[in-house]
Amino acid sequence: MKEERIRQLFEGWMNGQLSESEEQEWMQLLVDPTLEDERDRIIGHYYQDLPIGHRMEPEVADALFRKILPAPVRELPQRRRRWGLLAAAVMAGAVVLTGAIWLAGRTKDTGKPVAGNVYKNDVAPGGNHAVLTLAGGATILLDSAADGNLASQGGAKVLKLDAGSLSYQRTAADMAMVYNMLSTPSGGQYQLILSDGTHVWLNALSSIRFPTAFGGSDRTVELTGEAYFEVAKDNKRPFKVHTGGMDVVVLGTSFDVNAYKDEPAIRTTLQQGSVKLVMDGKEMLLHPGQQGETEGPDGLALVKDADVDQALAWMKGFFSFEDADIQMIMRQLSRWYGIEVRYEGLRKKGSFGGKMGRDLSLTQVLTGLSQSGIHFRLEGKQLTVLP
Amino acid sequence: MSDENEKSWLERTAMGDEGAFRALYDSYSPRIYSLGMYLTRSSVMAEELVQDIFEKLWKRRTHLSEVDNFSAYIKAMVRNTAGNHLKRMAHERLILAKIAREQTSVEQPAELAMEQDHLRRIWKEAVDSLSPRVKEVYMLSRMEGLKNAEIAERLGISIYTVKEYLKNALSVIRTHLDNGLPLLVAMAFLAGKKIF
């Protein structure tokens, strides 16, 4: 009888005595709708009778509990526009966490954190802020500019598409090349569509200088800070990103360049296609999923354990850290919240991992971080990391 | 724990008190987690069982003050939820076993191939919808049989991340399986005698 058989097989599974074919037989009985009642009855017995033989680590139980309670990120109104959509698509597709969950990586300190924090105020997250510098040096504050046609620049029309993006559209051929520059402050981000259709996401405290319409032989832009590029394919005119003495040479592809001056190296993360890093006569070819970074004044190296998701998290609306030290996390927060960070006493050792929405306010992020045993004092725009 | 304590936790949880809910969690989650480990031998799935049950409890919290016998209430929930989790685990394993078989065997009866196509398609759709990194972790776990710690080491990520990725992969795959379930059950029956 099937009921008897499923009982035997349950028993054998629990004792680790099933052969491979018995295991398959058990699986078959588990999906048999006529046996559902018997299956659940057996589970009920095990629940009641078995001793507690396995336990979660306390940190795991804590983290799981935090995930069960609705996390603050879900309760926030959607403020991002196009960025919000992107983030939503990413969440729906794949991304792992919806809540503000930080797991203390290798730190042992799991004291009651929130009590140690002092917040005199809160700081709002960044948003769509940028300044456009035209060829003659005139600047347009994009936050307050109306949507629509902003200017005509060297054979291209400059259109503000919505609150967070700008598009260049070619209107005349063979004009002399004219450069514009788009810059974001701390707490700013902006999207730019170049005249060739290349899509650029500019992160906070960054700038990109580019021709309003590209010339015939190549497409070169200059970057400081960080941007993600989806380059329109054009085999005849390679796309080049020039930054800090290094060139990224592209045919048609998606990649991120992180060239902040306060980061230890210029890091290029390739998502699709292929790019070539060129520095001081040296060259390195990247394949999808790889990261390359500058090493010293003139070297290039492949990053071991490249993490594409982490490198691209910012443009999908997240902070994402894996094995990060506290200084690295703070550098990112300072750019996005426009804060100044100081350290009091010994700097916290250890590495941290986790993921959080960039639409959270600063104190929400800090409260999440303090689950890992770090404490903060926030006064105005001055953040102190406490030992 | 005394019944009176528990009654007060339930009442406070019903009013949205997270501390009281935490007390319920601390008191019941160890037994549920342990059961999950016995049944699935996977900490990822055991945690998922705990999460699933307590998320349901929190959603229904306003009714908790009316529950007379909470032990019986939660036992019924555990039976039902763990039963569903086991069923999904079985579906996933059956599909993986078939794929493994398909890769090794050369000749197959036509109807068997058709049925495998269907299962495979559901599974493959689900797997293809995962982000590359999540997919990589899932494949290493399920196709190469690596342990979570081995995956963490190989990919240079933390074991917590591996577990989060696996949870994500499993929930996506199970949603696909649940949607294709009626047909799938019929298929599993059909396949039963021939394959195993």
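So the values come out like this:
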item	result
Of all residues making up region A:224-243, the number that are under 19 Å from the mean Cα position of the chain (by Cα) and open to solvent by 10 Å² or more (accessible area, probe 1.4 Å)	3
Given (1) open to solvent by 40 Å² or more (accessible area, probe 1.4 Å); (2) among the aliphatic types (A, V, I, L, M); (3) touching a Ser or Thr at 6+ places or on another chain (Cβ under 9 Å), number of the condition B:Ile53 does not satisfy	(1)
Selection status of A:Ala156, outside the structural domain of A:Leu378 (by TED's automatic domain parsing) and free of Cβ contacts under 8 Å to residues at least 12 places away in the same chain	no
Filtered residues of region A:54-81 (kept if part of a loop (DSSP other than H, G, I, E, B) and either at pLDDT 85 or above or more than 24 Å from the chain's Cα centre (by Cα) (or both))	A:His54, A:Arg55, A:Met56, A:Glu57
Residues satisfying the stated conditions in region B:137-177, i.e. in a helix (DSSP H, G or I), away from every other protein chain (no Cβ under 13 Å) and not aliphatic (A, V, I, L, M)	B:Ser141, B:Arg142, B:Glu150, B:His176
Members of region A:354-379 found to be touching a strand residue (DSSP E or B) at 6+ places or on another chain (Cβ under 9 Å) and small (Gly, Ala, Ser), listed by number	A:Gly354, A:Gly357, A:Gly368, A:Ser370, A:Ser372, A:Gly373
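Conditions tested, residue by residue: (1) more than 9 Å from chain B (Cβ to nearest Cβ); (2) open to solvent by less than 50 Å² (accessible area, probe 1.4 Å).
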| site | (1), (2) |
| --- | --- |
| A:Arg7 | yes, no |
| A:Gly12 | yes, yes |
| A:Leu18 | yes, yes |
| A:Tyr46 | no, yes |
| A:Val60 | no, yes |
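The values are calculated or read from the model by the stated rules, or taken from the named source; none is laboratory data. Keep in mind that this is a model prediction, so the values were computed, not measured. Every residue, glycine among them, receives a Cβ derived from its backbone with ideal geometry; neighbour counts consider all protein chains shown. Keep in mind that these areas ignore ligands, DNA and RNA; they rest on the heavy atoms of the full protein, side chains included. Shrake-Rupley method; radii C 1.70, N 1.55, O 1.52, S 1.80 Å.
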